[in-house]
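Shown next, in structure tokens, is the structure this report addresses.
The values are calculated or read from the model by the stated rules, or taken from the named source; none is laboratory data. Everything quoted here is computed from the prediction, not taken from an experiment. Note that each Cβ is placed from the backbone with ideal geometry, even for glycine, and that neighbours are counted across all protein chains shown. Accessible surface areas use protein heavy atoms only, side chains included; no ligands, DNA or RNA. Shrake-Rupley method; radii C 1.70, N 1.55, O 1.52, S 1.80 Å.
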Amino acid sequence: MSTNEPAITVDFIRNIVAKDLAVGKNAGKVVTRFPPEPNGYLHIGHAKSICLNFGIAQENSPGTCHLRFDDTNPEKEDEEYIQAIKDDVKWLGFDWKENLFFASNYFDKLFELAQVLIKNGDAYVCSLSANDIREYRGTLTEPGKNSPDRDRSPAENLDLFLRMRDGEFADGSYTLRAKIDMASPNINMRDPALYRIRRATHHQTGDKWCIYPIYDYTHCISDALEGITHSLCTLEFEDHRPLYDWILDRLEDQLKQHPQQIEFSRLALDFTVVSKRKLIQLVNDNFVAGWDDPRMPTISGLRRRGYTPESIRNFCNRIGITKSPNNVEIGFLEGCLREDLESKALRSMAILKPLKVVIENYPEDKIEPLTAPNHPQNPELGNRTIYMTREVYIDHEDFLEVAPNKKFKRLVAGKEVRLRNSYVIKCEEVIKDSNSGEIVELRCSYDENTLNTNPEGRKVKGVIHWVSATKAVKAEIRLYDRLFKNANPEEGGNFLDNINPNSLTILKDCPIESSLAQAKTGDTFQFERVGYFSKDPDSTDDYPIFNRAVTLRDSWAKILSPRRASR
RNA sequence: UGGGCCGUCGCCAAGCGGUAAGGCCCCGGAUUUUGAUUCCGGUAUGCGGAGGUUCGAAUCCUCCCGGCCCAGCCA
């Protein structure tokens, strides 16, 4: 990955890691992990965690970062997600090398350690139903009460636990629970479940097990077994840390490592939802075309939209790592993309809403090749050939019969404008549909002495983009807008009620520059004066499809409709 | 009103007792064959509030206010 990403201010977690290193803790090593559950696709919030965990490992050579699938709930997980997650992490630019793990790799060990807990009187088999457990747990303000099975002997617990594993009992009939404190003010410490009986085929272990360990029990031990030094997770696990430590403390003779769990706030992006549950609902209920729909905040959706790994990494570095609510404006993400694409994307021209222009004094059959730079500031990116012809298309928005104000610098009836990389033209006549009055064509003239040079004695300040009508390639262009109408999609209670019905606009048969016919899927261009567009995989050989990744900044739009003063 | 956290410019975020970094946005202005980019300049007498300690407080103490998370045999 590139190394010229701007330095970031050091966050509190990196400070802790640095301090630990300074005092020689963990034998001077740093081992982190990114532990997704394979029950959905990765999203921008995961990118934050990936950049943090892999980033810290990279910065502290020879640090390593493990990719570990937290696969303890087979009913919700799927092999499809495992592959997608690996692809996304790689695409983002990170490498777990040989450190690919599954929590299910440790099922045997976990089972063995559970027996240690039982023998030591730290865990017991409970016959309470799920409902009963809930009732016995108490509430936020009232303590819970002990399970009637709480004082079963270790021997009996051991026998029961083995028989749970052997499939003697029905799903849900027993659980293994930690014996902690039913009166704890921290509900997670009120004898949390460690194992449940669930006859489900596991994507990794098949039908070997009918009991599966719970997250709290599994995660800390997995971390310890892998020699993780810093176990980084989001704030909602803060209340689980005492349990994390409790389990590792009881097993300290069996485990060599006691990783430190550190929590940071999760990312919230306005105008979007970042929750696997909600994203899966958008997919399953067809509010979007799939996990990689360009409107989705998933890594795959952003990729298809035209986001680059660099832009996402840069975004993650800029938003920082803290414990305060990380509510980031969507414009911030978009800005990171623009910044990256500005220097990298090749320029070209495309017309979203065509208006035909006939240049009456231009020779009928002439096709004049012109050279246009691929990037205005970087000649190294080369040139391309564009074709000037008698008939061209310009964008409807670039013409007005009468200028709305003195600042308007596009084409106006009777006035001149420059066709980018070509000649200056003058609008001689406006042709309208006799019924609707709609402008359907412009008759213009051109000044043959204005190629690559300014006209004599007058200044033409406007420059508009255009495409030859005869040489143009037709393409579908998909314009995306935010998926939700409100900055906070939860407003009003149900995020589905706030879906933006106009989040996708499909433009058919847009004339685009012929050079674009060679574009490959995933190539991203700047359509000058319009935005950045990426070629979609739905494209066919003769009908390209482009997704608008992000618009260009548009200060003219601000002049036309100024935003409410924000200060 | 049990427990755990969090409150510094519109957004993100430094700061850790010595007198408010930076980024994004925004506002001016310059350059520009993209109203893009780039470049200059501007934007918190103020750190959720009120008291207190101190020569000195965003930083320490007290009280108060606001927000988030937790009652899955999910993660």
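Could you state the accessible area per residue of chain A in Å², with a 1.4 Å probe and every protein chain left in place?
Counting only protein heavy atoms, the per-residue value for chain A is 47 Å².
What does the convex hull of the Cα atoms of chain A come to per residue, in Å³, rounded to a whole number?
Dividing the Cα hull volume of chain A by its residue count gives 200 Å³.
Please report the carbon-and-sulfur percent of the accessible area for segment A:429-567; probe 1.4 Å, protein heavy atoms only, DNA, RNA and ligands left out.
44 percent
At a probe size of 1.4 Å, how large is the accessible area of A:F34, to the nearest 10 Å²?
Here the accessible area works out near 0 Å².
Need one number for segment A:434-483: average projected area of the convex hull over its C-alpha atoms, nm².
Taking the Cα atoms of segment A:434-483, their convex hull projects to 7.7 nm² on average.
Taking the highest mean first, how do the peptides A:60-73, A:501-514, A:397-410 order by number of other beta carbon atoms within 10 angstrom per residue?
Going by the mean number of other Cβ atoms within 10 Å, highest first, we get A:60-73, A:501-514, A:397-410.
With viscosity set to 1.002 mPa s at 20 °C, what whole-number translational diffusion coefficient in µm²/s follows for segment A:411-567 from Stokes-Einstein and a Kirkwood radius over Cα pairs?
113 µm²/s
State, to one decimal in nm, how far the label point of A:D542 lies from the label point of A:E364, with both points 7 Å from Cα in the Cβ direction.
Taking the two extended label points, one gets 2.8 nm.
Over 10 Å intervals from 0, what percent of Cα-Cα pairs in segment A:95-165 sits in each interval?
All Cα pairs considered, the percentages come to 18, 33, 28, 15, 6.
Exceeding 29 Å between C-alpha atoms, which entries from my cross-link table qualify? They are A:K29/A:K179; A:K485/A:K535; A:K432/A:K520; A:K409/A:K485.
Exceeds cut-off: A:K29/A:K179; A:K432/A:K520; A:K409/A:K485.
Can you give the translational diffusion coefficient of segment A:352-468 in µm²/s, computed by Stokes-Einstein from the Kirkwood radius over Cα pairs at 25 °C and 0.890 mPa s?
D, rounded to a whole number, is 164 µm²/s.
Apply the Karplus curve 6.51 cos²θ - 1.76 cosθ + 1.60, θ = phi - 60°, to the phi angles in segment A:56-63 and return the couplings in whole Hz, x for Gly and Pro.
4, 5, 4, 6, 10, 3, x, x
From the gyration tensor of the Cα coordinates in segment A:1-130, what semi-axes in whole Å does the equivalent ellipsoid have, largest first, with each one equal to sqrt(5λ)?
32, 22, 13
Quick one: work out Rg over Rh on the C-alpha atoms of segment A:501-567, Rh as Kirkwood radius.
Answer for segment A:501-567: 1.08.
Can you list the HN-Hα couplings for segment A:10-16, worked out from phi with the Karplus curve (6.51, -1.76, 1.60; θ = phi - 60°), rounded to whole Hz and with x for Gly and Pro?
For segment A:10-16, the Karplus-derived couplings read 6, 8, 5, 6, 4, 5, 5 Hz, x marking Gly and Pro.
Measuring from centroid to centroid over Cα atoms, what is the spacing of segment A:50-81 and segment A:440-513 in Å?
Spelled out, the Cα-based centre of one part sits 41 Å from the other.
Give the angle, between 0 and 90 degrees and rounded to the nearest 10, that separates the Cα long axis of helix A:241-250 from the longest principal axis of the Cα atoms of chain A.
Result, in degrees: 40.
Can you show me the helix-derived [θ] at 222 nm for chain A, built from DSSP H runs with n ≥ 4 at -39,500 (n - 2.57) apiece and divided by the number of residues, rounded to the nearest 500.
Taking each H run of at least 4 residues, the total per residue is -7500 deg cm²/dmol.
Roll a 1.4 Å probe over the protein heavy atoms and report the accessible area of A:Y244 in Å², nearest 10.
That residue has around 10 Å² of solvent-accessible surface.
Which value in nm describes the separation of the simple spin-label points at A:D239 and A:D523, placed 7 Å from the Cα toward the beta carbon?
5.3 nm
Hey, can you grab everything whose amide H is under 5 Å from the amide H of A:Q260? Only 5+ residues off in sequence or another chain; H modelled, so Pro and N-termini drop out.
A:H230, A:S231
Just the number, please: carbon plus sulfur as a percent of the accessible area of segment A:267-387, 1.4 Å probe, no ligands or DNA/RNA counted.
Within segment A:267-387, the accessible surface is 48 percent carbon and sulfur.
Once you put a point 7 Å from the Cα of A:R163 and another 7 Å from the Cα of A:S275, both along the Cβ direction, what distance in nm separates them?
In this crude label model, A:R163 to A:S275 measures out at 4.1 nm.
Checking a compactness column here: for segment A:285-409, what do you get for Rg(Cα) / (2.2 N^0.38 Å), N being the number of residues?
Normalised Cα radius of gyration, segment A:285-409: 1.52.
Tell me, for chain A, which Cys residues have no other cysteine's C-beta sitting closer than 4.7 Å.
Taking the Cβ cut-off of 4.7 Å, the unpaired cysteines of chain A are A:C65, A:C126, A:C210, A:C220, A:C233, A:C336, A:C427, A:C444, A:C510.
Using alpha carbon coordinates only, what is the Rg to Rh ratio of segment A:99-219, with Rh defined as the Kirkwood radius?
For segment A:99-219, the value is 0.97.
Which cross-chain or sequence-distant (5 or more) residues have an amide H under 5 Å from the amide H of A:R347, H modelled 1.01 Å from N in plane?
Those lying under 5 Å, H to H, from A:R347 are A:H375, A:Q526.
Need the list of lysines near A:K323 for cross-linking: C-alpha distance under 23 angstrom, and skip anything on the same chain fewer than eight residues off.
A:K19, A:K48, A:K276
Per residue of segment A:95-110, what does 6.51 cos²θ - 1.76 cosθ + 1.60 with θ = phi - 60° give for ³J(HN,Hα)? Whole Hz please, x for Gly and Pro, Karplus curve as stated.
Computed from phi, the couplings for segment A:95-110 are 9, 8, 6, 8, 8, 9, 9, 10, 4, 5, 4, 9, 4, 5, 4, 4 Hz.
Can you tell me the orientation of helix A:215-225 relative to chain A, as the angle in degrees between its alpha-carbon axis and the longest Cα principal axis, to the nearest 10?
90 degrees
For chain A, take the longest principal axis of its alpha carbons; what is the angle in degrees between that and the long axis of helix A:154-165, to the nearest 10 within 0 to 90?
40 degrees
For the pair A:S343 and A:S561, what calculated FRET efficiency results from E = 1/(1 + (r/R0)^6), where r is the Cβ-Cβ distance and R0 = 35 Å, to the nearest 0.05?
The formula returns an efficiency of 0.75 here.
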